[in-house]
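Report on the following structure.
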Amino acid sequence: MFKNIVIVGMGLIGASIAGAVREAWPEVRLTGIDIDERTRKLAVEKGLVDEAYGDEAFAHVLEGACDLVILATPVDADEPYLQTIADSGYEGIVTDTASTKERVTAMAAATLRYPQNFVPGHPMSGSEVNGIDGARNDLFQGAYWILCPSEDTPPDHIPALHELITGIGARAIIIAPDQHDRAVAVVSHVPHFVASSLVTLAARAADEQQTVMRLAAGGFKDTTRIAAGSPDLWCGIAFDNAEQVKAGLSDMRDILGAFADALEAGDREQLTKLLKDAADVRRSLPAAWVPSSERLLEVRIPISNHPGAVAETTTIASEVGCNIQSIEIDHVTEDRAFLSMILTDEGDIGQLSSKLIGAGYAVSFAPLEPKEHIHV
């Protein structure tokens with residue numbers, strides 16, 4: 001695991017990462033970088049980090065024993081930090097937490113001296129309470145944390161980040177940057193605008209006595225909770241991923257239009273079908289995400305002669321819906337290594353096998369066997 005982590009941006013996400021890492025690995029040294037003096041002071045007082053500095057100290061901090069930099073800042077703020085990392089000659093792993101990936105990936109490629117060490121990331125969790133005041137150690141429990149490695153990503157980087165992510169309770173998913181931005185537009189960005197639209201609809205319908213708002217009970221509040229998020233932050237996210245968000249909103253308009261058309265035509269059968277199709281998909285989502293060990297599967301893949309093998313194989317696993325519970329590289333000899341992935345019972349194992357073989361990999365599957373532990 002990492003021994004010395006620098007987190008740039010001690011807002012909701014950065015401070016929550018610090019708290020979660022501190023709880024899981026108290027021995028890890030954590031340093032915070034933030035432009036706000038109050039935030040830096042709170043981060044130290046709460047024990048989230050060992051030290052906190054302003055931007056002017058970032059280059060000096062990188063000269064220490066830092067082995068991981070996490071950029072927990074908006075994409076618009078990333079470029080100066082990436083430039084400082086490049087100028088410092090820092091050779092460790094760099095990752096980020098922005099909710100869009102194509103732009104920051106291109107920025108890192110153009111700026112960093114060692115762009116292969118940048119592994120784009122996105123923890124899909126948040127809160128309506130912004131900043132360090134909303135930080136929680138359990139913010140990432142059960143949340144998806146997306147990684148977007150490239151074929152140039154060094155093999156050991158992904159297992160190291162996977163251990164960090166799963167160690168604080170999140171579920172690592174590995175996909176390509178362009179696939180990421182389309183996917184999060186549908187499941188995260190567009191829903192935010194839908195929630196905002198519902199609040200606006202209710203506000204417009206409210207009379208002087210606020211009857212509509214007083215009737216807005218649990219379901220409405222749960223559905224629209226995310227609409228209380230930072231307007232500036234979400235405006236930035238939308239423009240960072242503008243094309244995908246526009247496409248998603250257009251699709252959403254068509255879907256709502258289909259409901260309106262069915263009502264206009266008095267077509268009960270069509271309206272029922274639209275509702276049933278959505279209900280069937282919603283009910284099909286797994287209720288229990290962590291299966292028992294007898295339902296886990298170990299996949300071993302020789303990777304010695306395949307540059308970019310870790311990124312490619314883990315991406316294939318995610319594409320067919322397989323969740324990687326754990327991942328490690330087993331260096332059998334100096335010249336031979338195996339990638340070992342422990343998969344849950346989600347996804348299509350047949351497709352996984354077929355795609356891996358089609359990509360030129362030998363692959364073996366076996367039920368996970370309990371490993372003996374010697375207690376000293």
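Observations, loosely collected:
- Using every pair of distinct Cα positions in the range 221-271, the Kirkwood expression returns a hydrodynamic radius of 13.3 angstrom.
- Cross-link table 3/246; 101/276; 46/246; 3/41; 221/276, entries beyond 31 Å C-alpha to C-alpha: 3/246; 101/276; 46/246
- Relative contact order of the chain, pairs being alpha-carbon contacts under 8 Å that are 6 or more residues apart, as %: 14
- q = 0.10, 0.14 Å⁻¹: log10 I(q)/I(0) that the Debye formula gives for the chain, counting C-alpha atoms only: -0.74, -1.31
- Across every direction, the projection of the convex hull enclosing the Cα atoms of the range 91-250 has a mean area of 11.2 nm².
- Structure remark: mean-square fluctuation, Gaussian network model of the chain, C-alpha springs under 10 Å; the largest value among 151, 163, 269 belongs to 269.
- By DSSP, the beta bridges lying fully in the chain are antiparallel in about 50 percent of cases.
- Sparse packing (at most 14 other Cβ atoms within 10 Å of the Cβ) combined with a DSSP loop state is found for none of the chymotrypsin sites (Phe, Trp or Tyr not before Pro) in the range 24-131.
- Calculated on alpha-carbon atoms, Rg and Dmax of the range 1-85 in Å: 11.6, 33
- Residues listed by number, the range 138-173, amide nitrogen under 14 Å from residue 225 label point at 7 Å toward C-beta: 138-143
- Note on residue 353 and residue 211: with the Förster distance fixed at 51 Å, the Cβ-Cβ geometry gives a FRET efficiency of about 0.30.
- Comparing 226, 146, 174 in a Gaussian network model of the chain (Cα springs below 10 Å), the most mobile by mean-square fluctuation is 226.
- Antiparallel content of DSSP bridges confined to the range 4-175, in %, to 5: 10
- Each helix, a run of at least 4 DSSP H residues, gives -39500 (n - 2.57); summed and divided by the residues of the chain, these come to -13500 deg cm²/dmol at 222 nm.
- Most fluctuating residue given options 35, 175, 158, as computed from a GNM of the chain linking Cα atoms under 10 Å: 35
- The residues packed around residue 131, meaning those with a beta-carbon under 11 Å from its beta-carbon, carry a net charge of -2 if Lys and Arg are +1 and Asp and Glu are -1.
- Calculation over all alpha carbon pairs of the range 192-284 in 10 angstrom steps from 0 returns a P(r) of 13, 31, 40, 16, 1 percent.
- Percent of C-alpha pairs per 5 Å bin, the range 4-175, short to long: 1, 9, 19, 24, 23, 16, 6, 1, 0
Bear in mind that the values in this text are calculations on the coordinates, not laboratory data. From a predicted model like this one, the values you see are computed outputs, not experimental measurements. Reconstructed Cβ throughout: ideal geometry from the backbone, glycine too, with neighbour counts over all protein chains shown.
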